[in-house]
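S.K.: First the structure, which I've put down as structure tokens, then a few questions once you've had a look.
The values are calculated or read from the model by the stated rules, or taken from the named source; none is laboratory data. Quick caveat: nothing in here was measured; it's all calculated off a predicted structure. When we count neighbours, we look across all protein chains shown, and the Cβ atoms used for this are built from the backbone with ideal geometry, even at glycine.
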Amino acid sequence: MTDTAKITLGDKTVDSPVLSGTVGPDVVDIRKFYAQTGAFTYDPGFTSTASCESKLTYIDGDEGVLLHRGYAIGDLAEHSSFMEVCYLLLNGELPTADELKTFDYTITRHTMLHEQLATFYRGFRRDAHPMAIMCGVVGALSAFYHDSTDIQDPHQRMIASHRLIAKMPTIAAMAYKYSVGQPFIYPDNKLSYTGNFLRMTFGVPAEEYEVVPAVERALDRIFILHADHEQNASTSTVRLAGSSGANPFACIAAGIACLWGPAHGGANEAALNMLREIGRPERIPEYIARAKDKDDPFRLMGFGHRVYKNYDPRATVMQKTVREVFDALKVNDPVFEVALQLEEMALNDDYFVEKKLFPNVDFYSGVILSAIGFPTTMFTALFALARTVGWVAQWNEMISDPAQKIGRPRQLYTGPAHRPYVPVSQR
Ligand code: ACO
């Protein structure tokens, strides 16, 4: 690859530097393009545009590769805890045993919420969607933790990051408790990050809550699989919000709002609903036929991905995890059999093979979360909980980047050109 790209526009030729990353496609630096040509580039949906430089996460969609700080997601899911992955994303290296102990201690000591926030919850309707509550409560954290909103101070940035990672399970569990009318459960410092979340969600003051180790491990793994995913829509939203200097709590609230959309965080719920609708393996061919029918808008939910055109490495881990959870909880839900057979039939069908459609992370995650006992409305809230570390790591990286500027895209304007104003009496 040459280190300069020549772009010719009319009689002007612009030399644009070509930048190479560690791995992955080269990038043409067009920052001076407008100054040199007076033209903008056009790329709705950012399909060909790198919006930033990042050292956090790398995806090769053709090869089915997902790396965090260089480590394969399969290795992290197999050998690490979510806390280790959080440390890795925030600090760049896997922690030593001592570093992990200190980090775990720090996060554990930030899990409680300001007591007045409990009152804040009571302002919501009982049937409020947990994501609506999370947008509100996370945004409101900036009203409670003033001592960590100076974004120019790296120490305050780190405290805000720890607070967000630590408090998110408490906030999500309280959103759930509020919706079912049960009392809020305070965190228990003896438990792990994920064990604590399970207890705060499913425990009640009237009895002891026993964390089932296989469920704790499965959920921890689900958190690892969702921890970061490069410059996706919600992460880009967090970066864009943060580029104006907004405080971290406001930025993460913006990320949660973006994640809520069905094209982003809502797909596992849709996949589970589809599997339940199919109901039994005999009906699978009917649904495969519908997915292939051009005149039918139906799609196999949990299949296909904008980036992964080989397989989604997270789906492989998920499939294994479903079995572990079902065995541990002695669940005998026909939905798993439907999922397994649907996957097998689709992977052997020419339509899905030719279009490179494979199960994505959402295909199995809804099945697992439902077996654990989460209602579907909590699925996206769990995604937000897990993705918080990715959001804060990306936000920190952006603030510390000397090339950082306020995000301000251009546009192709197609509205009316300047026209004379007509007073209301003459319209
Ligand atoms: N079932 C049937 N056909 C499909 C499916 C599917 N799930 N996904 C894509 N196709 C077909 C399309 O009809 C299209 O066919 P055509 O070329 O004949 O028109 C072709 O495959 C390409 O599809 P696009 O929508 O152009 O691919 P894109 O990369 O834009 O979309 C997406 C990716 C949105 C994920 C898509 O595969 C989809 O809708 N999947 C189902 C929803 C889903 O599972 N989303 C979760 C994504 S993972 C996440 O967000 C964490």
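S.K.: Return yes or no: is THR235 hydroxyl-bearing (Ser, Thr, Tyr), out of contact with any Leu (no Cβ under 8 Å at 6 or more places or on another chain) and part of a helix (DSSP H, G or I)?
M.R.: Here the answer is yes, as THR235 does meet what is asked.
S.K.: Of the numbered conditions (1) more than 14 Å from the ligand (Cβ to nearest atom); (2) modelled with pLDDT of 95 or more, ARG276 satisfies every one except a single condition; which is it?
M.R.: Going through the list (1) more than 14 Å from the ligand (Cβ to nearest atom); (2) modelled with pLDDT of 95 or more, ARG276 breaks only (2).
S.K.: Looking only at region 142-184, count every residue that is in contact (Cβ under 8 Å) with a residue 60 or more places away in the chain, closer than 15 Å to THR111 by Cα and outside any helix (DSSP H, G or I) and tell me the total.
M.R.: Adding up the residues that qualify gives 2.
S.K.: Further question: At pLDDT 95 or above, under 30 Å from TYR193 (Cα atoms) and part of a loop (DSSP other than H, G, I, E, B): which single residue out of GLU99, GLU84, GLU93 fits that description?
M.R.: GLU93
S.K.: Among the listed residues ILE256, ILE252, which satisfies the condition of being within 16 Å of the ligand (Cβ to nearest atom), at pLDDT 95 or above and surrounded by 17 or more Cβ atoms within 10 Å (Cβ to Cβ)?
M.R.: Of ILE256, ILE252, the one residue that is within 16 Å of the ligand (Cβ to nearest atom), at pLDDT 95 or above and surrounded by 17 or more Cβ atoms within 10 Å (Cβ to Cβ) is ILE256.
S.K.: Take the residues in region 123-141 that are part of a loop (DSSP other than H, G, I, E, B) and free of Cβ contacts under 8 Å to residues at least 40 places away in the same chain, then tell me which one is farthest from VAL392 (Cα to Cα).
M.R.: ARG125
S.K.: Taking the condition assigned to a loop (DSSP other than H, G, I, E, B), touching a residue at least 60 places away in the same chain (Cβ under 8 Å) and surrounded by fewer than 19 Cβ atoms within 10 Å (Cβ to Cβ), does GLY245 pass?
M.R.: So GLY245 fits the description; yes.
S.K.: A further question follows. Please find, among LEU412, LEU369, the residue that is under 22 Å from GLY195 (Cα atoms), among the aliphatic types (A, V, I, L, M) and touching a residue at least 24 places away in the same chain (Cβ under 8 Å).
M.R.: It is LEU369.
S.K.: Mind telling me which of the residues VAL353, VAL361, VAL335 ends up being more than 10 Å from the ligand (Cβ to nearest atom), of a type outside the set (Asp, Glu) and in contact (Cβ under 8 Å) with a residue 40 or more places away in the chain?
M.R.: VAL335
S.K.: Now a separate question. Looking at region 294-332, which of the residues that are without any contact (Cβ under 8 Å) to a residue 24 or more places away in the chain and not charged (D, E, K, R) is nearest to the ligand (Cβ to nearest atom)?
M.R.: So the residue we want is PHE298.
S.K.: Sort out which residues of region 76-108 are loosely packed, with under 13 Cβ neighbours inside 10 Å and either under 18 Å from GLU397 (Cβ atoms) or in contact with a helix residue (DSSP H, G or I) (Cβ under 8 Å, 6 or more places away or on another chain) (or both), and write them in order of number.
M.R.: Listed by number, the residues that qualify are GLU78, GLU93.
S.K.: Further question on the same structure: When the residues of region 364-379 are filtered to those that are over 20 Å from TYR308 (Cβ atoms) and either β-branched (Val, Ile, Thr) or touching a strand residue (DSSP E or B) at 6+ places or on another chain (Cβ under 8 Å) (or both), which remaining residue is farthest from the ligand (Cβ to nearest atom)?
M.R.: ILE372
S.K.: Still on this structure, I have one more. Of the residues ASP147, ASP188, which single one is touching a Gly at 6+ places or on another chain (Cβ under 9 Å) and within 23 Å of THR102 (Cβ to Cβ)?
M.R.: After ruling out the rest, the residue left standing is ASP188.
S.K.: Moving to a separate point now. Give the residue, chosen from GLY261, GLY266, that is surrounded by fewer than 22 Cβ atoms within 10 Å (Cβ to Cβ), more than 20 Å from VAL367 (Cβ to Cβ) and within 10 Å of the ligand (Cβ to nearest atom).
M.R.: After applying the criteria, what remains is GLY261.
S.K.: Quick test for you: out of ALA371, ALA346, pick the one residue that is closer than 20 Å to MET274 by Cα, outside any loop (DSSP other than H, G, I, E, B) and touching a Pro at 6+ places or on another chain (Cβ under 9 Å).
M.R.: ALA346
S.K.: From the set of residues in region 279-293 that are basic (Lys, Arg) and more than 26 Å from MET378 (Cα to Cα), which is farthest from the ligand (Cβ to nearest atom)?
M.R.: Filtering region 279-293 for residues that are basic (Lys, Arg) and more than 26 Å from MET378 (Cα to Cα), the one farthest from the ligand (Cβ to nearest atom) comes out as ARG283.
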